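Engineer: One structure is given below, represented as structure tokens, and several questions about it will come after.
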Amino acid sequence: MSRKFLIAGNWKMNGLIAEGQALAKEIATATKALKPNAEVLVCPPFTLLTTVKKALRGSKVMLGAQDCHVEEKGAHTGDISPVMLKDAGCDYVILGHSERRSDHRESSLLVKTKAESALKAGLKVIICIGETLDERKAGKALEVTEKQIKASVPSSSTASNTVIAYEPVWAIGTGQTATPEDAEEVHAHVRKVLAEKLGKGVASRMRILYGGSMKPANAAELLAKEDIDGGLIGGASLKSADFVSIVRSAK
Ligand code: PGA
């Protein structure tokens, strides 16, 4: 089953306007010249969405946000709705990142509810899952990720509106990457769980990204694995040369 690679940059809470604009322009220019074998997405902080949207004009690089609220609008100080993200030109929103799950105590149920709202607003969603170091050491990586998939992915998910990102918490921002074999084991299991939940056809077409210290030096071997369909990249997405090099690794 051929699935188009997706290489997504998660800028997290990084970038002032001038930096975000420059980074987006560099990525837009470099990927245009490249004609990549992957879809490319950047997810800047809310304050940069409009700037980055403009900077990406004329390129195929897509725009995403890093979170959204469940409701369309209303009395929710400090929050941003999926409808607002769509209006700002977003194609995607990342949901359930482990930093949201830990910093903001987001449950899988909340992630699922957010995903339902985002899909209703016409956004595509990247739903993140991943085990902690303690859970991996206890041999529970498959069990934990299975539970997260079952509870976080809405039944309205299809292969064209939903992407899963497997991000082992112990690999995020630590420089410690899962081996391609360990990552593939989880990805294959996730696809099996998706097949039970959404049907075999949907599961075989749904993209599952790896995230956690992906960088130019390890991207090619991770992306070569059968069930790894792209990357969600944090640190290395803040340097255009590194990010574009990862895009180039998707073959
Ligand atoms: P990292 O972050 O590439 O810096 O490890 C990945 C992520 O958290 O999405």
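The values are calculated or read from the model by the stated rules, or taken from the named source; none is laboratory data. Bear in mind that the values here come from a model prediction, so they are computed numbers and not experimental data. In this analysis, Cβ positions are derived from the backbone assuming ideal geometry, glycine residues included, and neighbour counts consider all displayed protein chains. Side chains included, ligands, DNA and RNA excluded: accessible areas come from the protein's heavy atoms. Shrake-Rupley method; radii C 1.70, N 1.55, O 1.52, S 1.80 Å.
Engineer: If you build a Gaussian network model of the chain, linking Cα atoms that sit under 10 Å apart, which residue out of L23, L49, L34 swings the most?
Structural biologist: Of L23, L49, L34, the Gaussian network model singles out L34 as fluctuating most.
Engineer: As a test of reading the structure, rank F5, F243, F46 by solvent-accessible area (1.4 Å probe, protein chains only), most first.
Structural biologist: If we order F5, F243, F46 from most to least accessible, we get F46, F5, F243.
Engineer: Write down, largest first, the equivalent ellipsoid semi-axes of the chain in whole Å, where each equals the square root of 5 times an eigenvalue of the alpha-carbon gyration tensor.
Structural biologist: Largest first, the chain gives 25, 22, 17 Å.
Engineer: For A178, list long-range residues whose amide hydrogen, built 1.01 Å from N in the peptide plane, is under 5 Å from its own amide hydrogen.
Structural biologist: Residues meeting the amide H criterion: none.
Engineer: What do you reckon, how do T179, T77 stack up by accessible area (1.4 Å probe), largest on top?
Structural biologist: T77, T179
Engineer: On the accessible surface of segment 1-56, probed at 1.4 Å, how many percent belong to carbon and sulfur atoms?
Structural biologist: Whole-percent figure for carbon plus sulfur exposure: 60.
Engineer: Assuming 1.002 mPa s and 20 °C, estimate D for segment 54-124 with Stokes-Einstein, Rh taken as the Kirkwood radius over Cα pairs, in µm²/s. Numbers along the way, then the final one.
Structural biologist: On the way: Rh = 12.6 Å.
After rounding, the answer is 169 µm²/s.
Engineer: Treating only the Cβ of Lys, Arg, Asp and Glu as charged (+1, +1, -1, -1), what charge dipole size does the chain show about its Cα centre? Round to the nearest 20 debye.
Structural biologist: Charge dipole, the chain, about its Cα centre: 820 debye, nearest 20.
Engineer: Check G64: other-chain or 5+ apart residues with amide H under 5 Å from its amide H, H built from backbone geometry?
Structural biologist: Close amide H contacts, sequence-distant or interchain: V42, C43, D91, Y92.
Engineer: Using the Karplus equation 6.51 cos²θ - 1.76 cosθ + 1.60 (θ = phi - 60°), what ³J(HN,Hα) coupling, rounded to whole Hz, does each residue of segment 57-62 give in order, writing x for Gly and Pro?
Structural biologist: Per residue, the Karplus-derived 3J(HN,Hα) values read 3, x, 10, 9, 5, 8 Hz.
Engineer: Per residue of segment 245-251, in order, report the coupling 6.51 cos²θ - 1.76 cosθ + 1.60 (Karplus, θ = phi - 60°) as ³J(HN,Hα) in whole Hz, putting x for Gly and Pro.
Structural biologist: In residue order, the calculated couplings are 5, 5, 4, 5, 6, 7, 10 Hz.
Engineer: Please name whichever of A65, A8, C128 sits farthest to the positive end of the charge dipole of segment 1-137, dipole taken about the Cα centre and charges placed at Cβ: Lys and Arg +1, Asp and Glu -1.
Structural biologist: A8
Engineer: Given H placed on each backbone N at 1.01 Å, which residues far from L95 in sequence or on other chains put an amide H within less than 5 Å of it?
Structural biologist: For L95, whose amide H was placed from the backbone, the distant partners under 5 Å are I126, I127, C128.
Engineer: How much length is gained if the chain between T174 and K150 is pulled fully straight, taking 0.36 nm per residue apart and subtracting their Cα-Cα distance, in nm to one decimal?
Structural biologist: 5.9 nm
Engineer: Related question: For the chain, what's the relative contact order in percent, using C-alpha pairs closer than 8 Å and at least 6 residues apart?
Structural biologist: Reported as a whole number, the value is 21 percent.
Engineer: Between K197 and L16, what is the label-point separation in nm under the 7 Å Cα-to-beta-carbon projection?
Structural biologist: For the pair L16/K197, the computed spacing is 4.1 nm.
Engineer: Considering the chain as a Gaussian network with a 10 Å cut-off on Cα pairs, which listed residue, T174, T162, T145, attains the greatest mean-square fluctuation?
Structural biologist: Top of the fluctuation ranking is T174.
Engineer: Taking only protein heavy atoms and a 1.4 Å probe, what accessible area per residue, in Å², does the chain have with all protein chains in place?
Structural biologist: 46 Å²
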